[in-house]
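Written below as structure tokens is the structure these notes are about.
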Amino acid sequence: MKMLVTVIAVVMLAMPHGFAETAKEKSQRCNDAATKQSLTGQQRKNFLNKCMSSGSQPELTSDQQKLKNCNDVSKDKNLTAEQRKNLMKNCQK
């Protein structure tokens, strides 16, 4: 029993570190998001500063949010490839 308690305690102590995003990972994620949005110059700099200082994912543009919403709808409906293609085409308009 003591061994089980010890193992659980060790695992719980290790968990927060295992799920934390490193600065390098966060920098890469923010850079990737800025590149996907085709940001340059001051806009890119502002975006990267905001992204690096925030604790969450960067905000999505309206087009990215539409695409995310359409993807969520298509996943919920378990569509065939052709049905999904048609839904995505009409959903993003």
Scanning segment 78-93 residue by residue, the ones that are at pLDDT below 85 and of a type in the set (K, R) total 1
Among Q64, Q37, Q42, which is modelled with pLDDT of 85 or more and surrounded by 12 or more Cβ atoms within 10 Å (Cβ to Cβ)?
Q37
Residue pairs within 8 Å by beta carbon, gap of at least six or interchain, first lying in segment 60-74 and touching a residue at least 60 places away in the same chain (Cβ under 8 Å), second part of a helix (DSSP H, G or I) and surrounded by 11 or more Cβ atoms within 10 Å (Cβ to Cβ), listed first then second, are none
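Could you check segment 32-93 for helices (runs of 4 or more DSSP H) lying wholly inside it with 2 or more residues that are more than 25 Å from T22 (Cβ to Cβ) and within 20 Å of the chain's Cα centre (by Cα)?
Details: elements: 41-53, 62-77, 81-91.
Answer list for segment 32-93: 62-77.
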Close pairs (6 angstrom Cβ cut-off, 6 or more residues apart or separate chains): outside the structural domain of Q65 (by TED's automatic domain parsing) in segment 79-93, surrounded by fewer than 15 Cβ atoms within 10 Å (Cβ to Cβ) anywhere:
none
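For segment 48-61, which residues satisfy the criterion of being modelled with pLDDT under 80 and touching a helix residue (DSSP H, G or I) at 6+ places or on another chain (Cβ under 7 Å)? Show your work before the answer.
Our first condition is that a residue be modelled with pLDDT under 80; within segment 48-61, this holds for 54-61.
Scanning segment 48-61 gives P58, L60.
The values are calculated or read from the model by the stated rules, or taken from the named source; none is laboratory data. Being a predicted model, the structure only gives us computed values, none of them experimental. Backbone-built Cβ (ideal geometry, glycine too); neighbour counts: all protein chains shown.
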